[in-house]
Amino acid sequence: MAARFDKLFHFHGGLRLPGHKDQSTAMAVVPARVPPRLILPLHQHIGQPAEALVQPGDRVLKGQLIGRAEGYVSAAVHASSSGRVVEVAERPVPHPSGLTALCVVIETDGLEQWRQRDEPVADYRTLDPSELRNRIRDAGIVGLGGAGFPTFVKMNPGAGHAIELLVINGAECEPYISCDDMLMRERPADIVAGMAILRHAIGARECVIAVEDNKPEATAALRREVQAAGDATVQVVTVPTRYPTGGEKQLIKVLTGREVPSQGLPADIGVVCHNVGTAAAVYRNVLDNEPLVSRFITVTGAGVAQPRNLEVLVGTPIADLVEQCGGYTDAADRLVMGGPMMGFALPDDALPVVKTTNCILVASRDELPPPQAAMPCIRCGECVQVCPADLLPQQLYWYAHSKDFDKTQDYHLFDCIECGCCAQVCPSHIPLVQYYRFAKTEIWAQERERRHADQARRRHEFRLARLEREKQEREQRLRERRKGAPQDTKKAAIQAALERAKAKKAAVGNESVAQADAGEPSTSAADAADKPDSKENA
Amino acid sequence: MLTPVLALGLLAAVFGLLLGYSAIRFRVEGEPIVEQINAILPQTQCGQCGYAGCRPYAEAIAAGEAEINQCPPGGEAGIQALADLLGRDPVPLNESHGEHKGKRVARIDESTCIGCTLCLQACPVDAILGAAKHMHTVIEDECTGCELCLEPCPVDCIDMVPVREDISTWKWPFPEDRWVDIAEAPLRQAAR
């Protein structure tokens, strides 16, 4: 078993990029101060937005649920500190669109007063996997590597997926970002404990923590921790530094030599992959009953005076963080959330950081030069050489550019991980990833419209059928009333009256004939009045 | 002389039978053209084309009674798809049927609504909820934006509102129109 990861594999393509990580790893991580205002978007994850549970004026405690998860793929949102809700409104959120979304704004009181916390669980092994999943769902934990997929969903691979291997992803391959590195150095015990909980929940036989070989301190810290635990089925493996090794599918390929099927999930080949930050958050939740309210964030780039990592409350405005890192330098040119390869620009620094924010990069003009004008594609094939998903970027570009979306799907557009390698090497400076993102969102929009149209068609057809049925029923009633019905009931009434009269005659005998005759008319009249209804009901 | 004629005749008969059998045995049930046209139409059921709904219009196109440019909600993209399907040249939208607008949904001003149920009867997809003398409301997810409820409303309390784009429905712009790049936006510091 121990020999299993002695031999590593390669994924296709990728790039060796200058790391720039040393800038931000010199200083130890300290908690960032509580900002006067926290802005908590209700949609910080993949899936449905959470539903607000608080109103302006409410007092909230740290860790209190303020947004309930809506639907299955969704995540809860908690107050990151204690204070008073001042606003529940549409505010700009950190998103490439620059659109607004519903946010809860909390004016903090600086007391950091926790909500009532249950007794910590002494031994997580006493909890069964579904109980663990529920806890992690209620804690609002999402993938902290960047995508923000709700963690509990990944912990439920479904029937027919036996999980062999749990991969804890500490590769952190994108330049400038060092928050996972610092977490591994400073909190290795949390990561290893979180991994054990995740493993218990999914029933994986083996565990591996993968770290790129440019983080020797992190590897050493984790190794010490794993050795102390003394579990032979857990290994810390160093993988070669190459962008994008931190991609889930790329890392699995490096470790196991196996490929995740096109448009499939790692669970399809018996692997589940979680980020180191997610593992640490799981540990804190299960053992300390803390929801996800803070995380490690790298604040770096030539645009900040003292680049470093901070433990930040979710919802803290970026300006606050930059201030704690010594403020902007004169070189500050652009503000990027994420790294230089996959991040996106932010219009201003009043925006808050969210659960998925791993890095705030304040870049100088040298670090992120302005884009050069795109030239025509010369079909040199450089992009094919570096594509880590083994796609044909030039073909995808060709069809996305001509808006032939069916063809882009034939060329597996949705296997593109948007790592940006192709655009990085393109000698014509074509913004290739922008074309893929454009094509992906166009296809999703078309699918939404198609579903909506199908729904409308079904509803319209149902309405037509209903109107037709109602019309027929009305006609039927009318026919019955107009023609057959009245005569039938009359006849039946007379018949019934006659029969009753006969029966009475027979029963009472000759003496009371005169009396019975007198009573007869009223009875038959009442019968006649009853009859039509009973007939119709039948 | 006779042998080749017989041989060829026999071959012809054998192949004829084989082909005839396969035509019946391996028959492919093609989707009728009306269904294919209907699948392209946007299903708003608005009747702007002059027919009672999308399906009747699809039938009219299939029968050659209607042009392919009578559907304003489908817009140019719809006309292009119909032209591709039917092997015709795309033609510009016939403006006499209306103009192509963005997706909108009906919204009832609930303080003005008198509960007359007229809009309920007009809605082609049963997307309005209500009862006599009770306030009505539009189920936004089901509304196709056909505007058929506007006309019958006696108190004019229905408005068409554009569907708001949010971060889950937002689309990346075409890079040649607008390039959203990390290198595009200059840093703006919050006022302090």
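Kindly list the number of the only condition in (1) closer than 25 Å to A:Phe344 by Cα; (2) surrounded by fewer than 20 Cβ atoms within 10 Å (Cβ to Cβ) that fails for A:Leu111.
With (1) closer than 25 Å to A:Phe344 by Cα; (2) surrounded by fewer than 20 Cβ atoms within 10 Å (Cβ to Cβ) applied to A:Leu111, the lone miss is (1).
Consider the range A:367-379. How many of its residues are away from chain B (no Cβ under 11 Å) and either of a type in the set (A, V, I, L, M, F, W, C) or touching a helix residue (DSSP H, G or I) at 6+ places or on another chain (Cβ under 7 Å) (or both)?
4
Please state which of the following conditions A:Ala507 fails to meet, knowing it meets all the rest: (1) more than 25 Å from the chain's Cα centre (by Cα); (2) loosely packed, with under 12 Cβ neighbours inside 10 Å; (3) within 14 Å of chain B (Cβ to nearest Cβ).
So A:Ala507 meets the others, but not (3).
Out of A:Asn309, A:Asn289, which single residue is under 24 Å from A:Ala79 (Cβ atoms) and modelled with pLDDT under 95?
When all the criteria are applied, what remains is A:Asn289.
Which of the residues spanning the range A:378-389 are over 11 Å from A:Cys422 (Cβ atoms) and of a type outside the set (A, V, I, L, M)?
A:Arg379, A:Cys380 - these are the residues of the range A:378-389 that are over 11 Å from A:Cys422 (Cβ atoms) and of a type outside the set (A, V, I, L, M).
Quick grid of which residues meet (1) outside any helix (DSSP H, G or I); (2) away from chain A (no Cβ under 14 Å):
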| position | (1), (2) |
| --- | --- |
| B:Leu18 | no, yes |
| B:Pro42 | yes, no |
| B:Arg55 | no, no |
| B:Gln70 | yes, yes |
| B:Glu76 | no, no |
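For the range A:398-453, how many residues meet the condition of being in contact with a Phe, Trp or Tyr (Cβ under 8 Å, 6 or more places away or on another chain), within 13 Å of chain B (Cβ to nearest Cβ), among the charged types (D, E, K, R) and part of a helix (DSSP H, G or I)?
Looking only at that region, the number is 3.
Just a yes or no: is a residue in the range B:145-163 facing chain A (nearest Cβ under 7 Å), assigned to a loop (DSSP other than H, G, I, E, B) and modelled with pLDDT under 90?
Checking the range B:145-163: not a single residue is facing chain A (nearest Cβ under 7 Å), assigned to a loop (DSSP other than H, G, I, E, B) and modelled with pLDDT under 90.
Return the pairs, sorted by first residue and then second, in which the second residue is β-branched (Val, Ile, Thr), the first residue lies in the range A:445-460 and is assigned by TED's automatic domain parsing to the domain that holds A:Asp406, the beta carbons are less than 6 Å apart, and the residues are 6+ apart or on different chains.
That search, which allows pairs on different chains as well, returns A:Ala456/B:Val125; A:Ala456/B:Thr144; A:Arg459/B:Val125; A:His460/B:Val125.
Take the residues in the range B:105-135 that are of a type in the set (D, E, K, R) and modelled with pLDDT under 90, then tell me which one is nearest to A:Ala465 (Cα to Cα).
B:Lys133
Filter the range A:64-90 down to residues that are within 16 Å of A:Glu290 (Cα to Cα) and either in a loop (DSSP other than H, G, I, E, B) or not assigned by TED's automatic domain parsing to the domain that holds A:Arg295 (or both), then give me how many there are.
Within the range A:64-90, residues that are within 16 Å of A:Glu290 (Cα to Cα) and either in a loop (DSSP other than H, G, I, E, B) or not assigned by TED's automatic domain parsing to the domain that holds A:Arg295 (or both) number 7.
If A:Gln116 satisfies all but one of (1) over 24 Å from A:Gly270 (Cβ atoms); (2) surrounded by 15 or more Cβ atoms within 10 Å (Cβ to Cβ), what's the number of the condition it fails?
Of (1) over 24 Å from A:Gly270 (Cβ atoms); (2) surrounded by 15 or more Cβ atoms within 10 Å (Cβ to Cβ), only one is false for A:Gln116: (2).
Can you pull out every residue in the range A:300-320 that is within 12 Å of another protein chain (Cβ to nearest Cβ) and under 17 Å from A:Ala350 (Cα atoms)?
The answer is A:Gly303, A:Val304, A:Pro317, A:Ile318, A:Ala319, A:Asp320.
Of all the residues that make up the range A:141-161, how many are surrounded by fewer than 23 Cβ atoms within 10 Å (Cβ to Cβ) and among the aromatic types (Phe, Trp, Tyr)?
Result for the range A:141-161: 1.
Any idea which of A:Gly57, A:Gly19 is in a loop (DSSP other than H, G, I, E, B), farther than 26 Å from A:Gly339 by Cα and out of contact with any Gly (no Cβ under 8 Å at 6 or more places or on another chain)?
On inspection, the qualifying residue turns out to be A:Gly57.
Identify, from the list B:Ile24, B:Ile37, the residue that is of a type in the set (A, V, I, L, M), touching a helix residue (DSSP H, G or I) at 6+ places or on another chain (Cβ under 8 Å) and either within 14 Å of chain A (Cβ to nearest Cβ) or surrounded by fewer than 20 Cβ atoms within 10 Å (Cβ to Cβ) (or both).
B:Ile37
Output the residues belonging to the range A:341-367 that are part of a loop (DSSP other than H, G, I, E, B) and over 23 Å from the mean Cα position of the chain (by Cα).
A:Pro347, A:Asp348, A:Asp349, A:Ala350, A:Ser364, A:Arg365, A:Asp366, A:Glu367
Given the conditions (1) hydrophobic (A, V, I, L, M, F, W, C); (2) modelled with pLDDT under 95; (3) not assigned by TED's automatic domain parsing to the domain that holds A:Arg33, report the number of the one that A:Val354 does not fulfil.
With (1) hydrophobic (A, V, I, L, M, F, W, C); (2) modelled with pLDDT under 95; (3) not assigned by TED's automatic domain parsing to the domain that holds A:Arg33 applied to A:Val354, the lone miss is (2).
Just wondering, is there one or more residues in the range A:330-340 that are of a type in the set (Asp, Glu), within 12 Å of chain B (Cβ to nearest Cβ) and outside any loop (DSSP other than H, G, I, E, B)?
Within the range A:330-340, none of the residues are of a type in the set (Asp, Glu), within 12 Å of chain B (Cβ to nearest Cβ) and outside any loop (DSSP other than H, G, I, E, B).
Looking at the range A:108-120 only, could you name the residues that are part of a strand (DSSP E or B) and under 27 Å from the mean Cα position of the chain (by Cα)?
A:Trp114
Go through (1) modelled with pLDDT under 90; (2) more than 7 Å from chain A (Cβ to nearest Cβ); (3) buried (at least 18 other Cβ atoms within 10 Å of the Cβ) and name the single condition B:Ile182 misses.
The single condition B:Ile182 does not satisfy is (2).
Restricting attention to the range B:87-99, does a residue exist that is touching a strand residue (DSSP E or B) at 6+ places or on another chain (Cβ under 6 Å) and either in a loop (DSSP other than H, G, I, E, B) or not acidic (Asp, Glu) (or both)?
No: the range B:87-99 contains no residue that is touching a strand residue (DSSP E or B) at 6+ places or on another chain (Cβ under 6 Å) and either in a loop (DSSP other than H, G, I, E, B) or not acidic (Asp, Glu) (or both).
Any idea how many residues of the range A:341-366 are without any contact (Cβ under 8 Å) to a residue 60 or more places away in the chain and more than 8 Å from chain B (Cβ to nearest Cβ)?
Adding up the residues that qualify gives 1.
The values are calculated or read from the model by the stated rules, or taken from the named source; none is laboratory data. Computed from a prediction, not measured in an experiment: that's the story for all the values here. Cβ coordinates were reconstructed from backbone atoms using ideal geometry, including for glycine residues, and neighbour counts include every protein chain displayed.
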